[in-house]
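This report refers to the structure that appears directly beneath it.
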Amino acid sequence: MSSSNENPIQNGSVPSSRADRLDAIVKMLEEKRSQSDKPMFVVAIDGRCGSGKTTLASLLVDRLDDCSILHMDDFFLRPEDRTPERLKTPGANVDYERILDEVLLPLQKKEETIYCPFSCRTMTLQSARALKRPRILLLEGTYSASAHLLPFVDFLLFLTCSKEEQKERLLKREGAEKYANFEAKWIPLEENYFENGLDTNAIDQIVDTSF
């Protein structure tokens, strides 16, 4: 990971068209993967809501050899765990314990694991899924590089976009009523994490998707 003292969230991007940008990211990740002797190379795709993290992960999984996605949405905190004390900690509003215990730690020792995704629609855990250890694992979503997960991350991509672009995308994706909840709750939680919970010196590449 980068050891630069500059804040990559504010300084630097992949300055190219969308197609060229994807090609550059694929090449960069394949080069980094080839330099690692780990059985599984973990790429965190962190960043702001509406910046295109899920879209990028979906494109990468089709371009990278033996690659799987683990969505942070599948590890949102269960309602009973969402205590005020827990939510005060930047980045702790995801179930990092389950990510570690059900996925990252087991796949260090064996070739397959079982995890139960959380459904934000039903607010319950769903049926168990099997995950074979891939050559590259994409941890997709905000908080994927939070303090408890960062030691397992080999490469950190941070996606961002302008506030205007973020609002436009979220309104289109969520609608006005749900966007109000993002504006009042989720975006402030994210920004607090970026400012107080994310080690920006660990970011390897920032990608500004505003254009």
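The values are calculated or read from the model by the stated rules, or taken from the named source; none is laboratory data. Predicted model only: the values in this text are computed from it and were never measured. Glycine also receives a Cβ, built like all others from the backbone with ideal geometry; neighbour counts cover every protein chain displayed. Note: areas computed on protein heavy atoms with side chains; ligands, DNA, RNA excluded. Shrake-Rupley method; radii C 1.70, N 1.55, O 1.52, S 1.80 Å.
Please verify whether segment 68-81 includes one or more residues that are closer than 19 Å to Gln126 by Cα, modelled with pLDDT under 95, basic (Lys, Arg) and within 20 Å of the chain's Cα centre (by Cα).
yes
If you scan segment 139-151, which residues turn out to be of a type in the set (A, V, I, L, M, F, W, C) and either touching a Cys at 6+ places or on another chain (Cβ under 6 Å) or not in a strand (DSSP E or B) (or both)?
Ala145, Ala147, Leu149, Leu150
Output yes when any residue across segment 116-138 is in a helix (DSSP H, G or I), within 18 Å of the chain's Cα centre (by Cα) and not polar (S, T, N, Q), and no when none is.
No, every residue in segment 116-138 fails to be in a helix (DSSP H, G or I), within 18 Å of the chain's Cα centre (by Cα) and not polar (S, T, N, Q).
Please enumerate the residues belonging to segment 110-138 that are open to solvent by 60 Å² or more (accessible area, probe 1.4 Å) and among the β-branched types (Val, Ile, Thr).
If the condition is that a residue be open to solvent by 60 Å² or more (accessible area, probe 1.4 Å) and among the β-branched types (Val, Ile, Thr), then Ile114, Thr124 are the ones that fit.
In the set Ala145, Ala180, Ala176, Ala202, which member is open to solvent by less than 70 Å² (accessible area, probe 1.4 Å) and more than 16 Å from the chain's Cα centre (by Cα)?
Going through Ala145, Ala180, Ala176, Ala202 in turn, just one is open to solvent by less than 70 Å² (accessible area, probe 1.4 Å) and more than 16 Å from the chain's Cα centre (by Cα): Ala180.
So which of Asp66, Asp73, Asp23 is among the acidic types (Asp, Glu), under 17 Å from Leu100 (Cα atoms) and surrounded by fewer than 21 Cβ atoms within 10 Å (Cβ to Cβ)?
Residue meeting the stated conditions: Asp73.
Restricting to segment 168-185, give me the number of residues that are out of contact with any Cys (no Cβ under 8 Å at 6 or more places or on another chain) and touching a residue at least 24 places away in the same chain (Cβ under 8 Å).
Number satisfying all stated conditions: 1.
Can you pull out every residue in segment 28-51 that is in contact with a strand residue (DSSP E or B) (Cβ under 7 Å, 6 or more places away or on another chain) and open to solvent by less than 30 Å² (accessible area, probe 1.4 Å)?
Answer for segment 28-51, where residues must be in contact with a strand residue (DSSP E or B) (Cβ under 7 Å, 6 or more places away or on another chain) and open to solvent by less than 30 Å² (accessible area, probe 1.4 Å): Leu29, Arg33, Met40, Phe41, Val42, Val43, Ala44, Ile45, Asp46, Gly47, Ser51.
Here are the criteria: (1) in contact with a strand residue (DSSP E or B) (Cβ under 6 Å, 6 or more places away or on another chain); (2) modelled with pLDDT under 95. Tell me which single one Leu139 does not satisfy.
So the condition that Leu139 fails would be (2).
Among all residue pairs at least 6 apart or on different chains, which show Cβ distances below 9 Å where the first residue, located in segment 73-89, is on the phi < 0 side of the Ramachandran plot and the second is among the hydrophobic types (A, V, I, L, M, F, W, C) and at pLDDT below 90?
Asp73/Cys120; Phe76/Cys120; Leu77/Leu87
Are any residues in segment 152-173 more than 14 Å from Gly47 (Cβ to Cβ) and either open to solvent by 60 Å² or more (accessible area, probe 1.4 Å) or part of a helix (DSSP H, G or I) (or both), and if so, which ones?
The answer is Phe152, Glu164, Lys167, Glu168, Leu171, Lys172, Arg173.
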